[in-house]
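K.L.:
The structure's right below; bear with me while I get my questions together.
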There are 2 protein chains.
Amino acid sequence: MLKSIKKFLSVSAKSMKRSAIREILKLLQKPGMISFAGGLPAPETFPIDDLKEIVLEVLEKHGAEGLQYGTTEGDPRLRKALVDRHNRQGLKIGMENLIITTGSQQGLDLIARILIDPGDYILCGLPSYLGGLNAFTVYGAKLKGITLDENGMKPDELEDTIIHLKELGKKIKFIYVIPDFQNPAGITLPESRRIRIIDIAEKYDLLIVEDSPYREVRFEGESQRMMCELDTTGRVITLCTFSKILSPGFRVGWVIGNQEILDKIVMAKQTADICTSSFVQKIIARYIEKGLLEKNLKKTIALYSDRRNQMIKCLRKYMPENVKWTEPQGGLFLFVTLPAHADADTIFKKAIEKNVAFVSGSSFFCNDSGHNTMRLNFSFSNPEIIEEGIRRLSAVIREELTGK
Amino acid sequence: MLKSIKKFLSVSAKSMKRSAIREILKLLQKPGMISFAGGLPAPETFPIDDLKEIVLEVLEKHGAEGLQYGTTEGDPRLRKALVDRHNRQGLKIGMENLIITTGSQQGLDLIARILIDPGDYILCGLPSYLGGLNAFTVYGAKLKGITLDENGMKPDELEDTIIHLKELGKKIKFIYVIPDFQNPAGITLPESRRIRIIDIAEKYDLLIVEDSPYREVRFEGESQRMMCELDTTGRVITLCTFSKILSPGFRVGWVIGNQEILDKIVMAKQTADICTSSFVQKIIARYIEKGLLEKNLKKTIALYSDRRNQMIKCLRKYMPENVKWTEPQGGLFLFVTLPAHADADTIFKKAIEKNVAFVSGSSFFCNDSGHNTMRLNFSFSNPEIIEEGIRRLSAVIREELTGK
């Protein structure tokens, strides 16, 4: 009889944990719960009627191909639609610079697989997207966090850290950056700082992984050029996704980068899942070709902008005075900072009792700091729910901070 | 300027190669080419009309969920439909014993990820599915091949090999078996031998990975019980897929196993792609619930059985006398053995010139043997094409063997 699987597990598996966030999401099935925890898009943004038409068209005209295996690089029509769209937006790339992945999470996994050996260092923001950090540590990466200010990752600290690690003989593989409406902090890097980070990568011969799921969900302000557009040396690998601009249930993302790197990612993808669903890729290709993505994006931006405004209004109305938050120009999240002595984990347990949820910010800090921070999602809940949720949460925080 | 990506690559990536088969498939776009190379299902088996109805139903009734993130374990309704179906077929499992993966290729990848450390040994058939072997070597596995006879993997050789490797101090993690209509050999393990292999795994405390993509595509003979059904000790992990019984373009498979192992696979899947497409999972769940899978399977079996018969008939008619082949009772492939001195790679190049393709058998042998073997797929081509293809291939082989 098999007594324990422990002796069979790889070193990597022994240290795997369930994602805190994914596990929280399961707790939230409780009726009456208001959740600001997940990164869920609003179902109101899913273009169901347009999709009905397109799905029938795909089955009728392209069923034999759409239900068959596809190439690992991705459906040529979808790749072309994306390349054309990027070119129209000013990023000059060819088909050889873009491949499809099963969500951008797979992009993170495959990049980690082709780049990381155990002990390699990755530099990331403090805080940074947990699913990215976990994808890297599965392959044995060491994470070194760089503080963010109101303009994102601090370049001086980044450079000092690189110098220090190099002095210690450590191997650094890449800098992990989420330049637009960063998850979880909601901060955007201005162009000058993007260029500065690229210059540092060039100076110390590092790669940059630009994780860009939220870029197009901008409510206001000037769109900043992607780091892969600013890069002139082929060292930026960019991850994009349809999860926040169309549907996460399709599981389709794409990677932009230099051909040599994409070539290795394709090899890695062959053993990971052979190809991304041809059926879903054909649906999305048609959706873009018909110009529907731009239409839906406009609607999504309007909806999320209202919800962000509502959340900020309610935070101002209900939160105790010594609580601060970011006011992002786009994306899905804002980040709350409590007074230094507060503990978001304790608040989380009490909040759950009062039927409101968030994610403790410390999950996103690779150096076990940030215990007084929280990530709030504003995309999923409607304005009334947002008000009620922030009211509940503020009451819990007020009680925790002031004892009343 | 980035000179070369080499210095950034992981040890694993440095040894990655493009899959020979996937690359061959790309060469076959040439007009007039007859391909017995891929493992492609016949598009005639794709139930397009039934799917149209179901897809509309999913979008109408479950659009908000179907386009949203799902749980990593898989859509509960699809998991339930599969668990119920297995129970009806005699395999007693609960929901906790089954999870969804992005094709069974992802199952292979995640199993490798949670079990394999560099240098661990995996025992596999000579020959075995290349995509499985590659998924294991990505994680640094050493492969040790076990000869097949007409009943599959030889148990005595398996046991001797285990004893020998253990004496050398090697760590063996699992035995990789494709029990039904093995890819590429087309051989099926009888129940007695399945039990024998399970007993060996129990005796030496090893796991078994049962890769079972073809089991339900049986044309004739008695269905053999799955190894996970025969196993009483929880050491068999079974991989199944919709790729050969519904559509590979959906990229949906499932894994059956003991809960502790599945739990680790789920953790690994969280960083690999978060979840498999909710949209596609909901379509398949509905498809099974409506009883359509059984209907389509019947049609698929009839079609492939005819095509196998046709291919065997043509092989008998056209091939030189000293060429042998397996006559599988199901699946998608048969395996051809040429006289020992023949070289299938040389024949491949000449065959391509004559517009007919196959996969050289040696790709599937982890010990660089099998150079006189070839895998032929019979599922994809219609009977006329099969005749013409075998005629062309036989002419090339005859010329190569006899010089005329």
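The values are calculated or read from the model by the stated rules, or taken from the named source; none is laboratory data. Treat the numbers as computed from the prediction; the structure is a model and nothing was measured. Cβ coordinates were reconstructed from backbone atoms using ideal geometry, including for glycine residues, and neighbour counts include every protein chain displayed.
K.L.:
Might you check whether a residue that is of a type in the set (Val, Ile, Thr), in a helix (DSSP H, G or I), surrounded by 15 or more Cβ atoms within 10 Å (Cβ to Cβ) and assigned by TED's automatic domain parsing to the domain that holds B:Ile265 occurs anywhere in segment B:5-24? Talk me through it step by step, then tell me what you get.
P.N.:
From segment B:5-24, those of a type in the set (Val, Ile, Thr) are B:5, B:11, B:21, B:24; that's our starting set.
Among the residues that remain, those that are also in a helix (DSSP H, G or I) are: B:11, B:21, B:24.
Add one more test, that the residue is surrounded by 15 or more Cβ atoms within 10 Å (Cβ to Cβ), and what stays is B:21, B:24.
Still in the running and assigned by TED's automatic domain parsing to the domain that holds B:Ile265: none.
Among the residues of segment B:5-24, not one is of a type in the set (Val, Ile, Thr), in a helix (DSSP H, G or I), surrounded by 15 or more Cβ atoms within 10 Å (Cβ to Cβ) and assigned by TED's automatic domain parsing to the domain that holds B:Ile265, which makes the answer no.
K.L.:
Also, quick follow-up: Report the residue count in segment A:364-386 for those that are within 26 Å of A:Ala302 (Cβ to Cβ) and in contact with a Lys or Arg (Cβ under 8 Å, 6 or more places away or on another chain).
P.N.:
6
K.L.:
Right, something else. Kindly indicate whether A:Pro41 is facing chain B (nearest Cβ under 8 Å) and closer than 30 Å to A:Ile386 by Cβ.
P.N.:
For A:Pro41, the condition - facing chain B (nearest Cβ under 8 Å) and closer than 30 Å to A:Ile386 by Cβ - is met.
K.L.:
Pairs, please: C-beta under 8 Å, at least 6 apart or cross-chain, first residue more than 10 Å from chain B (Cβ to nearest Cβ) and under 20 Å from B:Arg251 (Cα atoms) and in segment A:240-267, second crowded, with 24+ Cβ neighbours inside 10 Å and at pLDDT below 95?
P.N.:
Sorted first by the residue in segment A:240-267, then by its partner, the list stays empty.
K.L.:
Which of the residues spanning segment B:226-241 are out of contact with any helix residue (DSSP H, G or I) (no Cβ under 6 Å at 6 or more places or on another chain) and in a loop (DSSP other than H, G, I, E, B)?
P.N.:
Across segment B:226-241, the qualifying residues are B:Met226, B:Thr232, B:Gly234.
K.L.:
Here is a list: B:Phe36, B:Phe46. Which entry is aromatic (Phe, Trp, Tyr), within 23 Å of the chain's Cα centre (by Cα) and within 10 Å of chain A (Cβ to nearest Cβ)?
P.N.:
Details: B:Phe36 fails: within 10 Å of chain A (Cβ to nearest Cβ).
Just a single option satisfies the conditions, and that option is B:Phe46.
K.L.:
Give segment A:165-183 a look and list any residue that's free of Cβ contacts under 8 Å to residues at least 24 places away in the same chain and outside any loop (DSSP other than H, G, I, E, B), or say none.
P.N.:
Selection gives A:Glu167 alone.
K.L.:
Evaluate the following for A:Glu210: is it more than 14 Å from chain B (Cβ to nearest Cβ) and touching a strand residue (DSSP E or B) at 6+ places or on another chain (Cβ under 7 Å)?
P.N.:
Yes.
K.L.:
Now for a different question. Quick check: anything in segment B:381-392 in contact with a Leu (Cβ under 9 Å, 6 or more places away or on another chain) and within 27 Å of B:Phe46 (Cβ to Cβ)?
P.N.:
Yes: one or more hits.
K.L.:
Could I ask something else about it? Can you list the helices (runs of 4 or more DSSP H) found entirely within segment A:248-367 that contain at least 3 residues being buried (at least 18 other Cβ atoms within 10 Å of the Cβ), under 21 Å from the mean Cα position of the chain (by Cα) and outside the structural domain of A:Gly221 (by TED's automatic domain parsing)?
P.N.:
Helices (runs of 4 or more DSSP H) meeting the threshold: A:292-318.
K.L.:
Can you tell me how many residues within segment B:74-109 are within 17 Å of B:Asp231 (Cα to Cα), basic (Lys, Arg) and under 22 Å from the mean Cα position of the chain (by Cα)?
P.N.:
0
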